[in-house]
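Since the structure comes first, as structure tokens, the remarks are kept for the end.
Computed from the coordinates by the stated procedures, all read-outs in this text should not be read as laboratory data. Keep in mind it's a predicted model, so treat the numbers as computed, not measured. Backbone-built Cβ (ideal geometry, glycine too); neighbour counts: all protein chains shown.
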């Protein structure tokens, strides 16, 4: 677990640089894989399907992690005696930093859990 008092340059900046590599690798290798396994006449449809599925997956993941963030923020704020107003567009600014930290941690663990769920859905020995 990362100490929130640590400098941004110690953990935040390296992780922001490394996450770009993961996204670039996923999209480029996925697009190459789709073009390799499909017939030349079907490559545009296969590429469009790949892009659509990645966008739908990203949307679902973002929606679920946001719902978890909001629920944990409300729960943690109520335990601390603060009412977090998430409808006003302040994204929980009225909540304490401790409640926000717990909510961000829960959202990140949700993203990890979704990734592991997708990993388990891949059939062993498949060509992907």
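Of note:
- With neighbours defined as other Cβ atoms within 10 Å of a residue's Cβ, the residues 34, 45 order from fewest to most as 45, 34.
- Degrees between helix 97-121 axis and first principal axis of the chain (Cα, 0 to 90, nearest 10): 20
- Relative to the dominant Cα principal axis of the chain, helix 12-37 is inclined by about 30°.
- Intensity falloff of the chain expressed as log10 I(q)/I(0), Debye formula with alpha-carbon point scatterers, at q = 0.19 Å⁻¹: -1.16
- In summary, the convex hull built on the alpha carbon positions of the range 1-76 has an orientation-averaged projected area of 6.9 nm².
- Nearest-ten-degree value, helix 43-79 long axis tilted from longest Cα axis of the chain: 10
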